Structure formats: structure tokens, C-alpha cells
1. Please arrange VAL221, VAL93, VAL113 by counting, for each residue, the other beta carbons lying within 10 Å of its beta carbon, fewest first.
2. What fraction of the Cα pairs in the chain, stated in percent, has a spacing above 30 angstrom?
3. Expected output is a single nm value to one decimal: the length gained when fully extending between GLN170 and GLU123, i.e. 0.36 nm times separation in residues minus the C-alpha distance. What is it?
4. Quote to one decimal, in nm, the extra length available between ASP203 and ALA47 on full extension: 0.36 nm per residue of separation minus the C-alpha distance between them.
5. Please report LEU36, LEU83 as a ranked list, fewest other C-beta atoms within 10 angstrom at the top and most at the bottom.
6. Could you check what % of the DSSP bridge pairs in the chain are antiparallel, to the nearest 5?
7. GNM on the chain, C-alpha springs below 10 Å: top fluctuator among MET231, MET183, MET112?
8. Nothing charged except the Cβ atoms of Lys and Arg (+1) and of Asp and Glu (-1): what's the magnitude of the dipole of the chain about its Cα centre? Round to the nearest 20 debye.
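Values quoted throughout were computed directly from the atomic coordinates according to the rules given, and no laboratory measurement underlies them. Everything quoted here is computed from the prediction, not taken from an experiment. Neighbour counts are summed over all protein chains in view; Cβ atoms, including those assigned to glycine, are modelled from backbone coordinates with ideal geometry.
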Amino acid sequence: MTDQMMDKDDPGVGKVYLVGAGPGDPGLMTVKGKTLLEHADVVIYDALVSESILAAINPLAERINAGKRRGNHSLLQSETTALLITKAREHAVVVRLKGGDPFVFGRGGEEMVDLIQAGISVEIVPGITAGVAAPAYAGIPITHRDYGSSVTFVTGHEHAGKYQPQVNWQAIAQSSDTIVVYMGIHNLAHILEALQAGGKPSDTPIALIRWGTCPNQSELVGTFATILSQMEQVGFEAPAIAVIGNVVNLHGLLAHGSPSMLQVMRSD
Ligand code: SAH
């Protein structure tokens, strides 16, 4: 930890580090992020951050779970921001730990704006986003010269009951070879319908990856025509990433040798 990181010249005025925890496997967290956890005074973390990552936190640090899971808000966004401001005024190193990358569907940008407006120093420490890592661990490269030259990251989250798409699925269907959907499991039927209206054929390959890079990672691979009934059959649930496009065809080939490799490579 450097003096600069600790803000030692300015006692009483702390800094918030907006840190990406990566997708789950603790070996995929950045060295910078882990060092900050080890030196933190306070860590405020979200629900999708795995236990094996929380294990790296300085044992003397205060830990606060701001976890947000669907239908189970432990802290409102405004409460989380207020808490970060209070803690930064009391402590030198405040870590705001978020799953994946804070700036990819993680509200990191929103929190950073609020903190800067409150006069708090903030630094971003990126993480590996689930939309890249979960497909990778499932043997799906999101680009490949023969299967996909463009990729779109998109949120599938809409309010339950009143589906009002904010995303132009038709345009995405027409312009992107690979589509990576975050938070899309609950609305998958609507999303597939919209993508087909945009021109994706019903035999378009799709893979769902749940708890990607974690020891309990599971995958479901099919096509637009089959995936919904496959999900029903096995009771597939969120949180999961959906990967759509011809790159999914590589799953059969590349996932083949992966599991034993991952056993060795995983650091938990
Ligand atoms: N900032 C995070 C995304 C937060 S949105 C990131 O960069 O990864 C939450 C959504 O991310 C979940 O609904 C799910 O779609 C996806 N997600 C996060 N972690 C995941 C994991 N380990 N495996 C599969 N999907 C994951």
C-alpha cells in the first residue's frame, strides 16, 4: 500500500475505492483490488461478491453488506451512497466492493458521481466482468474470427409485469454477432422474441451460464427454439449470463478440456 493510496498526508479525509471483485473465482481479482481489501478500514460489498473474496478482507476492517438481490433490497442506493460519504469522512481507506466490474451494469458510475459531488475522493479499480469471464470458463470466446466479430453487452432487466423495452433489441439483432445479456433470465422469453423480430433465426445458439467461474458454475446450451423448455426442465435460475450467437458453437469443443484445468487453476 502506498502513501498515496492511504492519503496519509490528509488525516481524517478518506478516499473511496470503487473496486471490481471480478466474477467469483478469487484468482480473477486484480492485485490492486486485493491489496486494497487487505488494507481497508471499511468494506461495503454487494450480494454477488463471493465468500472466498470476502476472506481477503483485513480482519480488523468493518464489513457492511449492502447486498442487493432481486426483491430483497438490504440498502437503498441513496442509503449506500450516504454510508460511503459518512465512512469516507471517518476513515482513510473505504472500499466499495462490487461484483465483476463496477462500471458494467454495476451502478459504479452513479455512485462515483454522487461521491464526487459530495466532495469525496474516489478511485476506480476495474474488475473482470461476468459477461467475459463466465462464457470463457464455459469454453465460449465472445469473439472468434470465424464465428463472431462484434459483441454487445446489454441488460435484460426490466420491471416485472410491465415490460417496456428500453433496449433496441431489433437493432442489436441486426448489428451484433455475439450478444451478452446481463440480468436477462427473468425476461428471456421477451428478449428472444424481440431478437427474432429483428432477424435472428430460431436456431440461433444460446448458452446460459449460472455462477460463472464459481465452483458451482452450471451451463445450459441450446437454441432460441429449445432454451426456454430446457430451462423449465432443469429449473434454471438467475443469476446467469446469456450468450447468444455462433460463438456458442465452440462450447462443445473448448469446454471439453476445461474442467480439470479449472480445478488446477482456481485458487479457492
Ligand atoms: N458488475 C457486474 C454485473 C452486475 S449486474 C459485472 O461486471 O459482472 C448482475 C448480473 O450480472 C447478474 O444478474 C448476472 O446476469 C450477471 N452475473 C454477475 N456475476 C455472475 C456470475 N458469476 N455468473 C453469471 N452471471 C453473473
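1. VAL113, VAL221, VAL93
2. 34 percent
3. 13.3 nm
4. 52.7 nm
5. Ordered from fewest to most neighbouring Cβ atoms within 10 Å, LEU36, LEU83 come out as LEU83, LEU36.
6. Around 45 percent antiparallel, to the nearest 5.
7. MET231
8. 220 debye
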